Structures are given as structure tokens and as C-alpha cells.
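The values are calculated or read from the model by the stated rules, or taken from the named source; none is laboratory data. Owing to the predicted nature of the structure, the values given are computational and were not obtained by experimental measurement. Methodologically, a virtual Cβ is constructed for each residue, glycine included, from the backbone with ideal geometry; neighbour enumeration extends over all protein chains shown. Heads up: the accessible areas ignore ligands, DNA and RNA and are worked out on the full protein's heavy atoms, side chains in. Shrake-Rupley method; radii C 1.70, N 1.55, O 1.52, S 1.80 Å.
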Amino acid sequence: MKKIVIIGGVAAGPKITAKLLRSDCDCQIDLYTDEKLISYSACGLPYFIEGLIEDPNRLIVRKPEQFEEKGANIHLGKRCIKILPDEHAVLIQDVDTKEIEKVNYDKLAICTGARPIVPSIENIELKNIFTLRTIDDGIKIREKLRHSKKAVIVGGGYIGIELLEAFYLNGLDVHMIEMNEHILPIFDPEISDIIKNEIIKMSNGKVRIITNDAVVSFLGEDKVEKVVTSKGEVIDTDFVVIAVGVTPNTEIAKDAGIELGVSNAIRVNNRMQTSATDIYAAGDCIENFHLVSRNYAWIPLGSSANKEGRCAAINIAGGYDALPGVLGSAVTRYNGFTMSLTGLTETEAKKFGFDVISSTMTKKDKAGYMPEAENITIKLVVDKRSRKILGAQGIGSGDADKRINTVASAIQAEQTVDDFLHLDMTYAPPYSTAVDPLLSAALVINNQIYKI
Ligand SMILES: Cc1cc2nc3c(=O)[nH]c(=O)nc-3n(C[C@H](O)[C@H](O)[C@H](O)COP(=O)(O)OP(=O)(O)OC[C@H]3O[C@@H](n4cnc5c(N)ncnc54)[C@H](O)[C@@H]3O)c2cc1C
């Protein structure tokens, strides 16, 4: 019987376990995690904090017992402190007793994920300064939110935006502080500007977004009371959430001599094999191959973690599966306003040397006479030389994300804009316009290329 050891238990680790249990692999599965929970949706945490979901247990996808009933062994509160590739063994430490045991494996899967970056800001150790990654973090933030009037979010990425929504909908006065020139810098600057303006417009004076400024210190006796920025702003607050990004948990992999790639994430091939024999990795701890830039990038997302976990499990079980790469497709929302993107932005495409042509189109997402029609803005990015679609950004109160998913399929099929504008999309007034906004954007590019 093959002995399979999995380290990490949120998305990728449980996915590997579940897929192995469904396969006909003759194997013993042992999953170790340093947490007391496994298999939960971190992605649902902002909605739990908001109060949309009352019971945190609803975020749990599968309980340890459900895996154990099917034959896997789940070890909670057990941290892997060392990988010994030459011995095909790992050292596991009990988080409470500190006892260490040596566990042998035939195949090992590293699914140690990522953790929030905690910047070195003066007095960051004050009470009521949080980060968000685990269910425990979510419970603490929600508890504090319910007894607060003011909050500060440090960082304007997608987790910051989702928290902004949660806090705004709970009636708080919120400051978001982003050191870059734009919030959501994964979008092109002019799209980020539209997003910022829309958020402000929708927030009835309860939200202030400060860009181009950094938090330099926190003030307060025991608990945080004020946030000070480099430009000298002093902001009163009841609590703070730091959401400035994440870093991969790859110290044990590095220590074992396993090759790392961009952002210190683990380099794997398309079968999720690391540089070490019989060691696989999946989820937020690995880097990704970007299908458009043809470069490695670190784009840690739950959607990818699940696909990578499935791929790793098939290969661990002795089958064959290969993942071609990612497009970095992502979506989030603020108060009904959707922000989504796939592939490369214009800024990124230029950086990678593409000769870019783009079009931005703001149109109703449904026939204009339908009461539920809302605006969406679509930006399509195309390579002038090959005419291949490189990426798209879609934002607005209407259905932007379904357009972006359509573009993701087209990019993966390596379609040119000429092929794309002939796409036979559905149309009826409650769903779209006779010429879908996405196809209008493609037509504009086509006209520019052929100067028609
Ligand atoms: C608030 C929030 C919202 C999000 N929203 C979205 C979204 O809408 N869409 C999306 O695609 N993604 C989203 N994500 C990202 C998504 O949650 C992650 O991509 C996903 O959780 C990655 O899963 P993972 O299993 O690779 O890693 P993780 O979730 O990081 O889990 C790794 C686990 O391994 C444990 N571990 C680490 N080191 C060790 C060790 N040495 N020994 C034992 N255990 C160890 C960790 O404690 C952790 O439990 C969101 C994340 C957050 C925090």
C-alpha cells in the first residue's frame, strides 16, 4: 500500500485527499495541518464578517470525520517542521505538546498555502489590529465590527475591497489606505479609477479611500485608537485590518532544497511535481505558469488551488494529468458592483513586449429598455501582430463577470479578435443586447486594425 502524506488542510490538501479517496489508489492517506479545522472556504470569510452568513460552520466544506469515514487519517494541530527528501520522511510537531514524530512517505504533497504579510509599522502589536486568513481571524473581526463605529483597512487589494463592503454594509465609517497610486492595481489604472469613483459614489460619505500614502504608525495605550500616515493624516479608529497581500509558506520546502520560483513560491511542472523526487505541491504555495505571458507568476487563488489539487492527486495515484497554466481570472464585488478580469491588462501586456491594441466600451448589459439593465465597462486587450486576445477587464453593476469568463475561454482557445467577434452568443432583452457589449469591444478593435 502506497503511503501518501499531505501537509496543509484548507483547499489544496483536502482536494487531493478527496480525489485520492474517490480514485482506486491502493494507498494510506495522512493529512497533517497545524490548524484545528480543515476544508473551509476562506473566500467566504468576508461574507461571514458582513453577516450574510451567520454560522461560521457553513464555511466548512467537509469535516475531518467525513474524510475519516472514507479511510483518510486527518491529524489536526500537527505542524510539519522539516522535510527529509533523502529519507522520504517528514518531522511532525504537535502544536500543543511540542512532541515530534518522524513520518515516512512514498509520496508527499506540500499544500502549505500562504499567510498574510504583516508590515513593520510602528506599534503594530497593539490590540484590535487584525489580518484575515482563517476562520478564527474572521470570528475576531466580526465580533469587533459589531461593537465598532469606525474602521481602517490597510491595503486596497481584493480582500480589502471585500472587507470594505462588509464594514460599509454594517454602517461603519471606513478609511481604506493604499500606498500605490491606485486601489486594485491588478487592473489598468483608468479602470481602477472608475472602480474607486464608483465605490465612493455608492458609499454615502461613509467610505474614504486614500491612495499614494502609507501607514507609518498606530497610536493607542493598549488598543489601537489612531492611524498615522506618511503624509501626516491622523485617523481615529476602533480597529484596523491589515490586508496588504500574502506570502507563500515555503520555508520547509526551501529548507529541504526544493526549488522555488517567483515570489518564493514552489516551482512545479505541469503535473504538480516539485524538483524533489516523489514530492508534489499544490495551491497557494506554488507559482503558476501564465498562459498569455508564457512566464511564471504567483497568482494565489482558491480556484487554481482546487484544480492543482485534483491534478496532483491523479498523478500521485499513478494516473496522468497536466495543467496547462493559468490566466489569473478573478472577480470580486462592492455593493453589487462587479470587478472582474482575465489574462493580461494593457499595462502588463506592454511590459511583456506585446504590441497592444485595446478598446473600452461602456454599455448596458441588457436591452436598454429593460428595467433591470445596468451599465458595464469592458476593456479588451489584443496583440496587434497576432491579433490574439490577451486579456479583458469587466466592471459594473451589470453582469460583467459572465463576459470575462467568455473571454477566458477565448484566450485559452488562442482565438484572434477576428474569430472572437463572430462568436455566437445568446441574446434576449433580459440577458444581453443584440450585439453583446463584449462583441462591440471586439468590433471596435477589429475596425481599428483594418481601419474600417
Ligand atoms: C478573505 C479571503 C478571501 C478570498 N477570496 C477568494 C476568492 O473569492 N476567490 C479565490 O479564488 N480565492 C480567494 N481567496 C484565496 C483562497 O482562499 C486561497 O487561494 C486558498 O485558500 C488556498 O488554499 P491552500 O490550501 O493552497 O492554502 P491555505 O488556504 O493557505 O491553507 C494552507 C494550510 O496549511 C497550513 N500549514 C501551513 N504550513 C504548515 C505546516 N508546516 N504544517 C502543517 N500545516 C501547515 C496552514 O495553516 C493552512 O491551514 C481568498 C482568501 C482570503 C483570505
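Among the residues of segment 373-389, write down those that are touching a residue at least 40 places away in the same chain (Cβ under 8 Å) and closer than 24 Å to GLU162 by Cα.
ILE376, THR377, ILE378, LYS379 - these are the residues of segment 373-389 that are touching a residue at least 40 places away in the same chain (Cβ under 8 Å) and closer than 24 Å to GLU162 by Cα.
Counting only residues that are of a type outside the set (S, T, N, Q), open to solvent by less than 10 Å² (accessible area, probe 1.4 Å) and more than 14 Å from ALA441 (Cα to Cα), how many does segment 344-366 have?
2
Wholly within segment 335-452, which helices (runs of 4 or more DSSP H) include no fewer than the required count, namely at least 1 residues that are closer than 24 Å to ASP193 by Cβ?
346-351, 401-412, 437-450
Test GLY77 against the criterion of being open to solvent by less than 70 Å² (accessible area, probe 1.4 Å), under 28 Å from THR250 (Cα atoms) and in contact (Cβ under 8 Å) with a residue 40 or more places away in the chain, and give yes or no.
yes
Of the residues GLY9, GLY44, only one is on the phi < 0 side of the Ramachandran plot, within 15 Å of the ligand (Cβ to nearest atom) and touching a helix residue (DSSP H, G or I) at 6+ places or on another chain (Cβ under 7 Å); which?
Answer to the selection: GLY44.
Filter segment 284-304 for residues that are at negative phi, part of a loop (DSSP other than H, G, I, E, B) and more than 16 Å from the ligand (Cβ to nearest atom); which is most open to solvent (accessible area, probe 1.4 Å)?
Only one residue fits best here, namely ASN295.
Does at least one position in segment 312-323 carry a residue that is within 25 Å of ASP399 (Cβ to Cβ) and outside the structural domain of ILE186 (by TED's automatic domain parsing)?
The answer is no, given that none of the residues of segment 312-323 is within 25 Å of ASP399 (Cβ to Cβ) and outside the structural domain of ILE186 (by TED's automatic domain parsing).
Mind listing whichever residues of segment 193-243 are within 26 Å of PHE337 (Cα to Cα) and without any contact (Cβ under 8 Å) to a residue 40 or more places away in the chain?
Within segment 193-243, ASP193, LYS196, ASN197, ILE200, LYS201, ASN204, GLY205, LYS206, ARG208, ILE210, ASN212, ASP213 qualify.
Out of ILE110, ILE139, ILE153, ILE161, report the one residue that is touching a residue at least 24 places away in the same chain (Cβ under 8 Å), within 28 Å of CYS43 (Cα to Cα) and open to solvent by 10 Å² or more (accessible area, probe 1.4 Å).
ILE139
If I go through segment 15-59 residue by residue, how many of them are without any contact (Cβ under 8 Å) to a residue 24 or more places away in the chain and part of a helix (DSSP H, G or I)?
4
Would you mind telling me which numbered condition in (1) hydrophobic (A, V, I, L, M, F, W, C); (2) within 13 Å of the ligand (Cβ to nearest atom); (3) in the same structural domain as THR97 (by TED's automatic domain parsing) ILE49 fails?
(3)
Filter segment 305-333 down to residues that are in a helix (DSSP H, G or I), touching a residue at least 60 places away in the same chain (Cβ under 8 Å) and of a type outside the set (Asp, Glu) and give me whichever is nearest to the ligand (Cβ to nearest atom).
Ranking the candidates gives ALA305 first.
When the residues of segment 73-113 are narrowed to those that are among the aliphatic types (A, V, I, L, M) and under 28 Å from the mean Cα position of the chain (by Cα), which ends up nearest to the ligand (Cβ to nearest atom)?
ILE81
Return the total of residues in segment 216-270 being part of a strand (DSSP E or B) and open to solvent by less than 20 Å² (accessible area, probe 1.4 Å).
Total satisfying the criteria: 11.
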